[in-house]
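Take a look at the structure set out below.
Each value in this text was obtained by applying a stated rule to the coordinates, not by laboratory testing. Keep in mind it's a predicted model, so treat the numbers as computed, not measured. Neighbour counts are summed over all protein chains in view; Cβ atoms, including those assigned to glycine, are modelled from backbone coordinates with ideal geometry.
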Amino acid sequence: MTTFAPHLYVKTVAAAIDFYRAAFGAVELRRWSNPDGSVHVVEMTIDGGALFHVHEERENAGQLSPETLHATTSQIGVFADNPDALFETAIAAGGKAINPMQDWDYGYRQGVVADPFGHQWLLEKKIDIL
């Protein structure tokens, strides 16, 4: 089975862990720390199936956070049974609404939230079109 597990680059991993727990109910699976005790990488999952990693940015490797770039180059799509609830929880946790939740004629209900670190999350589910 092939799966997709994005690595999200941020300046401070510990703050991202707190946000993803509050916003998406993410669960920490594993963590790798730096000698000074700060978090280097954390492996997390949303709803037991959406695996992702949060990694401190590495300028020397060109792995920069949206905070550094002042932009993002992708969106992280999360399919959920109730994307509206996930959207509202993310906003309450400190996310910023980019596009409100709405039904689209191509068969998806979608909304976009930016996390405090500049990553955009496309929260969605397939819907029946009448």
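Scanning the stretch 63-86 for residues that are of a type outside the set (A, V, I, L, M) and closer than 16 Å to P6 by Cβ turns up Q63, S65, P66, T72, T73, S74, Q75, G77, F79. The set of residues from the stretch 20-56 being of a type in the set (D, E) and either touching a helix residue (DSSP H, G or I) at 6+ places or on another chain (Cβ under 7 Å) or over 21 Å from I91 (Cα atoms) (or both) comprises E28, D36, E43, E56.
Give I98, I17 a once-over and let me know the one that is surrounded by 15 or more Cβ atoms within 10 Å (Cβ to Cβ) and either out of contact with any helix residue (DSSP H, G or I) (no Cβ under 7 Å at 6 or more places or on another chain) or under 21 Å from A5 (Cα atoms) (or both).
The match here is I17.
Annotation note: of E56, E67, E28, E43, the sole residue that is over 30 Å from D128 (Cβ atoms), among the charged types (D, E, K, R) and exposed (fewer than 15 other Cβ atoms within 10 Å of the Cβ) is E28.
Going residue by residue through the stretch 52-68, is there one that turns out to be β-branched (V, I, T) and farther than 16 Å from F117 by Cα?
no
Residues in the stretch 20-34 that are under 11 Å from the mean Cα position of the chain (by Cα) and closer than 15 Å to E56 by Cβ: Y20 alone.
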